[in-house]
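Peer 1: Following this message is one structure expressed as structure tokens.
The values are calculated or read from the model by the stated rules, or taken from the named source; none is laboratory data. Values in this document were obtained by computation on a predicted structure and should not be read as measured data. Cβ placement follows ideal geometry from the backbone for every residue including glycine, while neighbour counts extend to all protein chains displayed. These accessible areas exclude ligands, DNA and RNA; they are computed on the full protein's heavy atoms, side chains included. Shrake-Rupley method; radii C 1.70, N 1.55, O 1.52, S 1.80 Å.
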Amino acid sequence: MTFVATVLSLYPEMFPGPLGVSLAGRALREGLWSVDAVQIRDFATDKHRSVDDTPAGGGAGMVMRADVLAAALDSVPAGRPVLAMTPRGRTLSQDRVRALAAGTGVTILCGRFEGMDERIFEARDIEQVSIGDYILSGGEMAALTLLDACIRLLPGVMGAASSGMDESFETGLLEYPQYTRPAEWEGRTIPEVLRSGDHAKIEAWRRAQAEIDTRLRRPDLWERHEGARVQPPSGARRRNGNDKS
Ligand code: SAH
């Protein structure tokens, strides 16, 4: 099954962009996902093909017109979740990414200027999504980010079937720190336990490191994680073949 991304943008030439290389690029060529970038300006109706106008109430910049956005959106086949990239949206999470990746695709509306006329969100079923508390110049990079996060989870995209499950956030924690050869570099060695070959010990060390780092670096995540732990048991807790905890 192909995961279909339809992106509505004033800069459709930005797609697939960086998603045309590496893992996502190969998956694109293999037909595991596809992208259809739609030029919003094609749906403008006046003779200047305008897509934006000055903000009602005054102020700097321009606002994307609801009528033009709606015409562009209505041209896209229904049936897939419609997302709009906006800093006013709910912050994207790995859980949401996983749910989207399990579906048949997404339609993504990319803003520019000061954003979109609010009435578009009242008139159409649109999920507003932010990728973090900072301001980009347009929604395209945010859409690329969201798509990248989804695409790597599609069946057949990542090498080892399990490699998606161990990452930061999948367990509710940050991932443990990683090391590779050389065993000594600039006088620094790799934690001895990682070279012990004792898989139970390694697993325990990684678990402990993940907890320490999450507590120190992301007290917000840690609090949520601990909150979930005191709630009833444990289906949601991390499980794998040799987890003895
Ligand atoms: N005036 C707006 C920001 C507009 S930035 C405000 O203060 O809320 C222009 C466009 O970039 C937005 O419409 C949105 O599509 C995109 N964008 C900027 N920051 C973003 C973020 N953190 N997450 C998702 N999209 C973002």
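Peer 1: Can you spot a residue in segment 25-33 that is away from the ligand (no atom under 14 Å from the Cβ), at pLDDT 95 or above, assigned to a strand (DSSP E or B) and in the same structural domain as Ser137 (by TED's automatic domain parsing)? Lay out the reasoning, then the answer.
Peer 2: First, pick out the residues of segment 25-33 that are away from the ligand (no atom under 14 Å from the Cβ): 25-33.
If we keep only those that are at pLDDT 95 or above as well, we get 25-33.
Applying the additional criterion that residues be assigned to a strand (DSSP E or B) yields 33.
If we keep only those that are in the same structural domain as Ser137 (by TED's automatic domain parsing) as well, we get 33.
Checked segment 25-33: at least one residue is away from the ligand (no atom under 14 Å from the Cβ), at pLDDT 95 or above, assigned to a strand (DSSP E or B) and in the same structural domain as Ser137 (by TED's automatic domain parsing).
Peer 1: Working only within segment 115-166, note down all residues that are within 16 Å of the ligand (Cβ to nearest atom), of a type outside the set (A, V, I, L, M), open to solvent by 30 Å² or more (accessible area, probe 1.4 Å) and assigned to a loop (DSSP other than H, G, I, E, B).
Peer 2: Filtering segment 115-166 down to residues within 16 Å of the ligand (Cβ to nearest atom) leaves 115-121, 124, 126-150.
Cutting the leftovers down to of a type outside the set (A, V, I, L, M) gives us 115, 117-119, 121, 124, 127-128, 130, 132-134, 137-140, 145, 148, 150.
Of the ones still in play, those that are also open to solvent by 30 Å² or more (accessible area, probe 1.4 Å) are 117-119, 121, 124, 127-128, 133-134, 137, 145, 148.
Asp117, Glu118, Arg124, Asp133, Tyr134, Ser137 - these are the residues of segment 115-166 that are within 16 Å of the ligand (Cβ to nearest atom), of a type outside the set (A, V, I, L, M), open to solvent by 30 Å² or more (accessible area, probe 1.4 Å) and assigned to a loop (DSSP other than H, G, I, E, B).
Peer 1: Can you say whether Asp42 is touching an Asp or Glu at 6+ places or on another chain (Cβ under 9 Å), assigned by TED's automatic domain parsing to the domain that holds Ser9 and part of a helix (DSSP H, G or I), as far as the supplied structure shows?
Peer 2: no
Peer 1: So, one more: Looking at Arg65, Arg80, Arg112, Arg90 in this structure, which one is surrounded by fewer than 16 Cβ atoms within 10 Å (Cβ to Cβ), assigned by TED's automatic domain parsing to the domain that holds Asp46 and either within 12 Å of the ligand (Cβ to nearest atom) or over 13 Å from the mean Cα position of the chain (by Cα) (or both)? Give the derivation first.
Peer 2: Values: Arg65 fails: surrounded by fewer than 16 Cβ atoms within 10 Å (Cβ to Cβ); Arg80 fails: surrounded by fewer than 16 Cβ atoms within 10 Å (Cβ to Cβ); Arg112 fails: surrounded by fewer than 16 Cβ atoms within 10 Å (Cβ to Cβ).
Of Arg65, Arg80, Arg112, Arg90, the one residue that is surrounded by fewer than 16 Cβ atoms within 10 Å (Cβ to Cβ), assigned by TED's automatic domain parsing to the domain that holds Asp46 and either within 12 Å of the ligand (Cβ to nearest atom) or over 13 Å from the mean Cα position of the chain (by Cα) (or both) is Arg90.
Peer 1: Right, Thr107: within 15 Å of the ligand (Cβ to nearest atom), touching a strand residue (DSSP E or B) at 6+ places or on another chain (Cβ under 6 Å), open to solvent by 10 Å² or more (accessible area, probe 1.4 Å) and of a type in the set (Val, Ile, Thr) or not? Please lay out each step first, then the result.
Peer 2: Values: within 15 Å of the ligand (Cβ to nearest atom): yes; touching a strand residue (DSSP E or B) at 6+ places or on another chain (Cβ under 6 Å): yes; open to solvent by 10 Å² or more (accessible area, probe 1.4 Å): no; of a type in the set (Val, Ile, Thr): yes.
No; evaluated as a whole, the condition is false for this residue.
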